[in-house]
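Worksheet for the structure shown next.
The values are calculated or read from the model by the stated rules, or taken from the named source; none is laboratory data. All figures in this text were calculated on a predicted structure; none of them were measured in a lab. FYI the Cβ positions are ideal-geometry reconstructions off the backbone, even for glycines, and counts take in every protein chain you see.
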């Protein structure tokens, strides 16, 4: 028995501390049970509220796939990161996944943790990157800034871009050999935004394809360098939409 207890203790010691701090939570929002993954750094205080980064996963994955890649940087930088699951794992839908769901989730987190309301950010990959762009434009006065990897708008999204109430800072990273989001489409997204007086930044990664996960530390560090200096000038304003 003593040998078993000692073995368990040694196994626990061998697990990195950051790996133990990712929590899977289930909540009821909008009348539905919703799952999300959460990392909260140590030593948060009301006097020093933390920025919040909402992570939107790629199609066919879940929130853990991004939180696991962000947790080390979040621990170092003092960021609360949350990765909700989309209701349908294959896609994000405005009607059930946002903006209302994201707003309700953030409000729930604000009731539990000291969060800087002027420093709430979005990061998305692939399908989650496209959704992050839409959420940023719909809720441009609620989110401080958005960074994405491998995503784009469509040529028919001009009306959504024009309707944004604030020129929210947007950072886009994409590989030069990404077959899912070719450079032409991503550059067109940048140009669409900037032709409407945004200042969208596009970083083209030579030789990089669509696969985010192996280069996640590099991608995340660059995205956070952009995001961390962005802050709402006023208290956040949330706009409710009636999506079908």
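Among the residues of the range 87-109, which ones are touching a strand residue (DSSP E or B) at 6+ places or on another chain (Cβ under 7 Å) and either more than 20 Å from residue 34 (Cα to Cα) or assigned to a helix (DSSP H, G or I) (or both)?
101, 102, 104, 105, 106, 108, 109
Is it true that residue 53 is buried (at least 21 other Cβ atoms within 10 Å of the Cβ), touching a residue at least 60 places away in the same chain (Cβ under 8 Å) and assigned to a strand (DSSP E or B)?
Numbers: buried (at least 21 other Cβ atoms within 10 Å of the Cβ): yes; touching a residue at least 60 places away in the same chain (Cβ under 8 Å): yes; assigned to a strand (DSSP E or B): yes.
Yes.
Kindly establish whether residue 80 is in contact with a strand residue (DSSP E or B) (Cβ under 7 Å, 6 or more places away or on another chain), without any contact (Cβ under 8 Å) to a residue 60 or more places away in the chain and crowded, with 18+ Cβ neighbours inside 10 Å.
Yes.
Kindly indicate whether any position in the range 29-47 is exposed (fewer than 14 other Cβ atoms within 10 Å of the Cβ), at pLDDT 95 or above and assigned to a helix (DSSP H, G or I).
No, every residue in the range 29-47 fails to be exposed (fewer than 14 other Cβ atoms within 10 Å of the Cβ), at pLDDT 95 or above and assigned to a helix (DSSP H, G or I).
Six or more apart or on different chains, Cβ under 6 Å: which pairs go from a residue in the range 95-111 that's touching a residue at least 24 places away in the same chain (Cβ under 8 Å) and on the phi > 0 side of the Ramachandran plot to one that's surrounded by 16 or more Cβ atoms within 10 Å (Cβ to Cβ) and in a helix (DSSP H, G or I)? Could you list them?
Matching pairs, first to second residue: 98/135.
Mind checking which residues of the range 123-134 are in a helix (DSSP H, G or I) and touching a residue at least 60 places away in the same chain (Cβ under 8 Å)?
127, 128, 129, 131, 132
Counting only residues that are loosely packed, with under 15 Cβ neighbours inside 10 Å and either touching a residue at least 40 places away in the same chain (Cβ under 8 Å) or touching a helix residue (DSSP H, G or I) at 6+ places or on another chain (Cβ under 6 Å) (or both), give me the helices (runs of 4 or more DSSP H) lying completely in the range 136-244 with at least 2 of them. Quick ask: steps written out before the conclusion?
Numbers: elements: 158-163, 183-194, 216-227.
So the answer is 216-227.
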